[in-house]
Amino acid sequence: TGTEMAGVAAFADLTADLLVGGPARPRAWIRNARLIDGLTNTSEDREFWPERTEGAVSASLAAGELQVFNLSIGAKNEDPGQRTSWSVAVDSLAHNSGVGRLFVIAAGSVDPSPVVADYPYINLAWGLDDPAQAYNAITVGAITHRTDLPPDGTYNNLQALAAAGELSPYSACDLGGNRPIKPEVVV
């Protein structure tokens, strides 16, 4: 999930730290502000997410030192590309009366197709998770570097769907049209 991915991002690639045997040190500190709990039925609770986002931002600002707001959470946008009350709330929070705040939002995930030829077209047509379509936020998608299959012969003549550095088969996108093209950043 997004929260675990934020933790991975704080440490980056742990390989070098683990190989030298020293302590793993994060390259960034992340403060968590929970919008929903694991027991909440999201279809019944979604109308409160804009207000909860505003509350989480206020609480984080009161705690101090927070500079970047990361929304690793998202929900399928029933009307892909269109603004929602949640994306408008994020836009307003990012605008901050002209002072500005930096919001980074996960683009969302695609259910991969079993048809190889669907990649990357399904990614481009899938649409972003809400609120990643917010205009004043940076939307982050994914590329892949994990392209080596196990050498034990389990996968025989198969090859990775995407080459290293290409769009992850699981990353959502939006072509824009009369909207911004998103994601702006892929990592």
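The values are calculated or read from the model by the stated rules, or taken from the named source; none is laboratory data. Being a predicted model, the structure only gives us computed values, none of them experimental. As a convention, Cβ positions derive from the backbone with ideal geometry for all residues, glycine included, and neighbour counts pool all protein chains shown. Heavy atoms of the whole protein, side chains included, go into the accessibility calculation; ligands, DNA and RNA do not. Shrake-Rupley method; radii C 1.70, N 1.55, O 1.52, S 1.80 Å.
Numbers below:
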| read-out | value |
| --- | --- |
| Condition check for ALA117: open to solvent by 60 Å² or more (accessible area, probe 1.4 Å) and in a helix (DSSP H, G or I) | yes |
| Of all residues in the stretch 1-42 being open to solvent by 80 Å² or more (accessible area, probe 1.4 Å), assigned to a helix (DSSP H, G or I) and modelled with pLDDT of 70 or more, the one that is nearest to VAL110 (Cα to Cα) | LEU18 |
| Some residue of the stretch 137-148 being open to solvent by 20 Å² or more (accessible area, probe 1.4 Å) and within 20 Å of GLN82 (Cα to Cα) | yes |
| Positions within the stretch 85-114 being aliphatic (A, V, I, L, M), over 19 Å from VAL187 (Cα atoms) and open to solvent by 60 Å² or more (accessible area, probe 1.4 Å), in sequence order | VAL88, VAL99 |
| Inter-residue pairs, beta-carbon under 7 Å, first assigned to a helix (DSSP H, G or I) and in the stretch 47-74, second open to solvent by less than 40 Å² (accessible area, probe 1.4 Å) and at pLDDT below 80, 6+ apart | TRP49/LEU35; ARG52/LEU35; THR53/LEU35; ALA56/LEU35; SER60/LEU66 |
| Subset of the stretch 43-67 (residues that are at pLDDT below 85, of a type outside the set (S, T, N, Q) and open to solvent by 70 Å² or more (accessible area, probe 1.4 Å)) | GLU44, GLU65 |
